[in-house]
Amino acid sequence: MEDLELVVLFADADAQRFVTKLIERGIERRCLRPMKWRQIRDPMHDPRVARDPTAALSLFLRHPTCRFVVVLDHHGSGGESRSRESLESDVADVLARAGVAKERTAVIVFEPELESALVPVWDLVLEILARKRGVPPAAIPPDEGDPKGSWERALRAYQLKSGSALFAELATSLSLPRLKNGSAVGRLAACLLRWFGAEGEA
């Protein structure tokens, strides 16, 4: 078996491209040390990742030291009636029952969805979208209660389509320190720094 140190499970392609690029930037900037890691996506999306993350991770679960990060949205997971914290705990419990010690597991739920990660850097998001069209940034305020709605309004204003490539582009350009001010990205960064931190510029 490949000697992996980290496997990151995603429920959708947008989050996969976005978070993968953030991790790669962390390694490039030497905030994280180089490591052997894999990123995979469950084609059954949020509901199965929330219910049974072991389905996609089965090939890796017997590795005695590998660490696991599970990334999914709260909305659409089937666990909307539970708090974000409760959903994260339940997913970690499933992995624990499969033999993965909780200290080797982190579950990151975007609340309500991935687009919430853009709120702390919303002005920069609008600048990037505007540059793609060669126009000034539009005055589109972020709605923290409906970040996906804000994202969709911005895309309509610039006549752009959402997609995993656009999320990867944002993750390449946006301020890492400001992204860490968001709940999910902040918790992910803190976990990865604890596990794989290296000296370097934050």
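Summary table
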read-out: Cα Rg, Dmax, region 125-192, angstrom units; value: 12.9, 38
read-out: Calculated [θ] (222 nm, deg cm²/dmol) that DSSP helices of n ≥ 4 give over the chain, each run adding -39,500 (n - 2.57); value: -13500 deg cm²/dmol
read-out: Distance between region 106-122 and region 1-30 - C-alpha centres, whole angstrom; value: 16 Å
read-out: Calculated from backbone phi, Karplus (6.51, -1.76, 1.60) coupling profile of region 26-34 in Hz, x at Gly/Pro; value: x, 6, 4, 8, 6, 6, 10, 6, x
read-out: Per residue solvent-accessible surface (Å²) - the chain, probe of 1.4 Å; value: 48 Å²
read-out: Note, ³J(HN,Hα) from phi for region 47-56, Karplus 6.51, -1.76, 1.60, rounded to Hz, x at Gly and Pro; value: x, 6, 4, 5, 7, 8, x, 5, 4, 8
read-out: Listed candidates (i) 17.0, 53; (ii) 15.6, 44; (iii) 19.6, 62 - label of the one calculated as Rg and Dmax of the Cα atoms in Å; value: (i)
read-out: Rounded percent of accessible protein surface that carbon and sulfur make up, the chain, 1.4 Å probe; value: 49 percent
read-out: Low-density loop cleavage sites - trypsin sites (Lys or Arg not before Pro) in region 97-202, where at most 10 other Cβ are within 10 Å (DSSP); value: K161
read-out: Built amide H within the under 5 Å cut-off of D73, gap 5+; value: F110
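The values are calculated or read from the model by the stated rules, or taken from the named source; none is laboratory data. From a predicted model like this one, the values you see are computed outputs, not experimental measurements. Note: ideal-geometry Cβ built from the backbone for every residue, glycine included; neighbour counts use all protein chains shown. The area values use the complete protein model at the heavy-atom level, side chains included, leaving out ligands, DNA and RNA. Shrake-Rupley method; radii C 1.70, N 1.55, O 1.52, S 1.80 Å.
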